[in-house]
Amino acid sequence: MKNIFLSAGLFLSQIISAQYNYPATPEKAVVDDYFGTKITDHYRWLEDIKNPEVKKWFKSQSDFSHSVIDKIPHRENLYRRMKEVQEMNGDSFDVIYQRVNTYFYTKTKKSENLSKLYSRDLATGKESLIFDPETLGKNTQITNFVLDSKAGKIAILLSKAGGEICNLRIFDLVTKKFLKDEIGPIWSEFAFEFTPDDKALLYTKMSTADPSSNMLLKDMKAMLHVIGTDTKADKVLASRQDYPELNALTEQFPSIYFTDDYKNIVLRLSSVKSESPIFVAPFSELKNKKINWRQIVKPSDDITDVFISGDKLFLLTHKDAPNYKITLTSLSNPAPDKATTVVAENKNKVIISIHNSKNYLYYSLGDGIVRDKYQVNINTLAGKKIDFPTGVNSSLSLNQRENDNIFCNNVNWLTPLTTYEYNPEKVDIVKSKYLNSETKYPDYSTLYNVKEVEVKSHDGVMVPLSVIYPKNIKMDGSNPAYITGYGGYGFSYEPRFSTRLSVLLEQGVVLAIAHVRGGGEKGENWHKDGMKAKKPNTWKDFIACSEYLISQKYTSSSKLIGNGVSMGGVLIGRAITDRPDLYAVAIAEVGMTNALRSEITPNGPNQIPEIGTLKNEEDTKNLLEMDAQSKVKEGVKYPAVIIRTGMNDSRVEPWEPGKFAAILQKDSASKKPVLLYVNYENGHFTSDFDVIFKEYADIYSFALWQVGHPKFQPVK
């Protein structure tokens with residue numbers, strides 16, 4: 001690829017809306033030659049996020065957006081209502097573990113914004129506060145935690161203001177104090193665990209804590225830290241540099257854990273690609289200077305998860321089974337191609353995930369709307385369905401090394417989360433006594449309807465669409481409607497109850513979720529049909545679902561709000577550049593709207609398996625098609641657009657949404673507002689409810705204003 005810098009000078013945008021006097025955005029034209037296709041980028045300079053001029057531009061955009069949004073009435077009412085609905089749920093729980101007769105968990109009280117760490121004595125029922133993260137400073141958040149084997153110490157992963165670059169601290173439950181060890185930087189999603197003697201920790205270390213460094217998510221290392229020692233002495237257990245024989249890619253991160261019996265260490269070279277290389281080594285290798293890793297799974301095996309029990313190696317695979325199957329081979333001599341089938345592929349539903357307790361393997365079987373739970377006895381291989389209530393059932397073990405106790409979260413579109421507990425040896429499913437709060441929700445089923453339909457897309461393929469709407473609406477096209485979708489990484493947009501979306505429903509808004517290709521609702525083929533060359537299916541499916549809402553009189557184009565988040569930035573960005581006439585409003589949240597430049601970001605190489613690389617001509621053609629920014633044309637009447645970015649975002653660099661806002665402000669001829677909503681307290685997301693609700697009260701008020709909702713019209 002060849003870069004040509006056309007102009008060192010600055011010239012201001014030629015087209016400024018007469019109605020919205022946006023902050024001036026200088027243009028500095030750079031032309032890129034993508035295998036013969038030339039694309040001019042006027043806003044490359046915004047990518048230098050540390051530049052004072054760039055910082056000033058973001059601040060001016062933020063101030064301008066708030067000057068517009070602050071004039072919209074009833075924003076505070078939306079915010080307060082979101083808080084009220086959240087409090088109806090009571091307390092909410094997150095990470096949960098059991099040690100002997102005690103539960104440990106993070107919990108956000110209904111009156112608070114951030115989670116704290118608690119324990120509960122199951123014999124007495126007494127709850128105790130262990131740790132409040134804000135004792136370490138305002139906006140400190142608990143991202144994750146793990147316990148040692150005897151519940152003497154807790155390793156807590158901590159972040160700041162929604163950032164995902166974290167540090168690990170060790171809390172002594174006897175002294176109620178932190179040890180001196182401070183381990184990091186660690187990415188928010190990386191696993192860590194204690195060694196069986198509780199004297200050390202396994203973890204994955206990032207190469208840098210600089211969020212704007214190109215090395216942010218590259219060349220990471222699996223490490224062993226002995227508690228009480230200097231982290232500089234931590235032992236490297238796996239890395240690209242120290243273990244070249246692993247053939248690790250620079251963007252793959254080595255995640256490491258012990259088997260439940262502690263006989264083996266498991267290493268996975270992870271990325272956004274689910275089919276990862278997996279290695280094992282005997283536990284005894286930890287004492288050696290270098291681990292002798294043995295590969296048991298290759299990416300070509302199409303295996304997305306494994307579970308090891310003694311010499312049994314269970315495999316979750318889509319090899320010759322796009323809806324997945326579970327097979328069994330031996331750990332000592334793995335032969336995935338000759339493995340015994342334990343759970344056969346279901347032609348109508350997809351095996352989504354597996355996890356285990358001490359004696360059982362559990363798997364989820366879903367169709368994108370309902371996720372049922374099944375169990376398999378690890379020793380006898382006998383299996384059966386667990387009769388949790390209908391809905392999306394997501395389970396985890398409370399302590400897979402000690403017992404068979406699991407907890408299961410059950411949720412639907414209109415049913416807030418309820419947690420159940422289950423043990424296969426006891427058979428009974430019970431609503432958890434301590435992991436639920438008393439709720440005060442109305443009976444949403446009496447207020448709203450849910451309709452699951454399939455919509456014919458551009459190529460005749462039927463796309464699932466979930467529609468949720470107030471029972472008293474008139475089907476005359478006059479209703480505001482909000483449609484969202486994702487379509488990436490094989491992730492399924494399953495039913496979930498959302499506080500903020502429930503408040504939209506209360507405003508008379510129709511909600512729709514398009515289960516577009518690129519997701520996993522219909523198995524691995526559904527995922528592949530929304531990747532690389534087939535990525536246009538993602539936004540074309542979304543367009544087809546949007547047209548369905550209009551044709552069925554749920555709404556009209558003047559009332560339709562389109563939404564996409566993160567990888568969904570491709571979806572919403574290309575939907576409005578393909579069909580600007582179809583939407584009244586677009587909400588693009590922390591979105592990939594400049595796919596052509598994604599690869600140069602710290603998180604960019606991780607996306608290559610999903611969207612391709614500029615080093616390949618065919619992939620480049622696909623990326624050109626995905627890139628929403630370069631599809632914006634001068635003089636086209638685009639919808640009103642609000643573009644959200646978090647300044648602590650390390651997944652999608654803030655400049656990517658920023659550039660999309662700049663070009664839309666310059667080129668849109670609709671005279672509708674284009675706002676860049678900059679959150680300085682947020683990253684890609686945050687766990688702080690106060691930040692979340694304030695943000696969405698602003699964004700939804702903007703959207704409701706633009707679709708003509710009478711409560712949200714500024715006084716002229």
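Computed from the coordinates by the stated procedures, all read-outs in this text should not be read as laboratory data. Being a predicted model, the structure only gives us computed values, none of them experimental. Cβ: placed from backbone, ideal geometry, glycine included. Neighbour counts: every protein chain shown.
Let me check I have the definition right: for the range 462-576, take the eigenvalues of the Cα gyration tensor, multiply each by 5, take square roots. What are those semi-axes in whole Å, largest first?
With the √(5λ) rule applied to the range 462-576, the semi-axes are 25, 14, 12 Å.
Roughly what % of Cα-Cα distances in the range 48-124 sit above 15 Å, to the whole percent?
72
How much FRET efficiency would the formula 1/(1 + (r/R0)^6) give for K138 and E402, where r is the Cβ-Cβ distance and R0 is 35 Å, rounded to 0.05?
Details: r = 37 Å, r/R0 = 1.06.
That gives a FRET efficiency of 0.40.
Calculate the translational D of the range 358-504 in whole µm² s⁻¹ from Stokes-Einstein, where the hydrodynamic radius comes from the Kirkwood formula applied to all Cα pairs, the temperature is 25 °C and the viscosity 0.890 mPa s. Mind showing how you got there, number by number?
Values: Rh = 17.8 Å.
Diffusion coefficient, whole number: 138 µm²/s.
How high is the FRET efficiency from D476 to N21, r the C-beta distance, R0 30 Å, rounded to 0.05? The partial results should precede the final answer.
Details: r = 37 Å, r/R0 = 1.24.
After rounding to 0.05, the efficiency reads 0.20.
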Next item on the list: Just grab the label-to-label distance for T341 and S60, each label 7 Å out from Cα along the Cβ direction, in nm (one decimal).
Entry: 6.4
Note to self: At a threshold of 8 angstrom on Cα-Cα distance, excluding pairs fewer than six apart, so keeping six or more, what relative contact order does the chain reach in percent?
What the structure shows: 11
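Quick one: work out Rg over Rh on the C-alpha atoms of the range 608-700, Rh as Kirkwood radius.
Numbers: Rg = 15.6 Å, Rh = 15.0 Å.
Rounded to two decimals, Rg/Rh equals 1.04.
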Next item on the list: Name the aspartates and glutamates eligible as straight-distance cross-link partners of K176: C-alpha to C-alpha under 14 Å, and not fewer than 8 places from it in the same chain.
Entry: D132
Check: Give me the log10 of I(q) over I(0) for the range 152-301 at q = 0.09, 0.13, 0.14 Å⁻¹, as the Debye formula computes it from C-alpha points; what are the numbers?
Finding: -0.28, -0.59, -0.68
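If R₀ is 56 angstrom, what is the calculated FRET efficiency for the pair A533 and V450, using the beta carbon separation as r and rounding to 0.05? Present the calculation step by step, with values, prior to reporting the outcome.
Working: r = 34 Å, r/R0 = 0.62.
For R0 = 56 Å, the calculated efficiency reads 0.95.
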Next item on the list: Mind pulling the angle between the C-alpha long axis of helix 75-88 and the longest principal axis of the chain? Nearest 10 degrees, somewhere in 0 to 90.
Entry: 20
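Expressed as a whole percent, how much of the Cα-Cα distance distribution for the chain exceeds 37 Å? Kindly include the intermediate steps, with their values, before the conclusion.
Numbers: 102755 of 255970 pairs.
The calculated P(r) of the chain puts 40 percent of pairs beyond 37 Å.
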Note to self: What's the whole-number percent of alpha carbon pairs in the range 353-397 lying beyond 11 angstrom?
What the structure shows: 62
Check: Which longest run of the chain has no exposed loop site in it, a site being GluC sites (Glu not before Pro) in a DSSP loop with at most 12 other beta carbons within 10 Å, and the site itself not part of the run?
Finding: 1-424
Check: If you take the Cα Rg of the range 224-348 and divide it by 2.2 N^0.38 Å, with N the number of residues, what do you get?
Finding: 1.15
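Taking the range 275-337, which trypsin sites (Lys or Arg not before Pro) meet the DSSP loop condition and have no more than 16 other C-beta atoms within 10 Å?
Answer in residue order: K289, K290.
Are there trypsin sites (Lys or Arg not before Pro) in the range 445-530 that DSSP puts in a loop and that have at most 15 other Cβ atoms within 10 Å, and which ones? Write out the running numbers ahead of the final one.
Working: sites: K451, K456, K471, K474, R496, R500, R517, K522, K528; in loops: K471, K474, R496, K522.
Passing sites in the range 445-530 are K471, K474.
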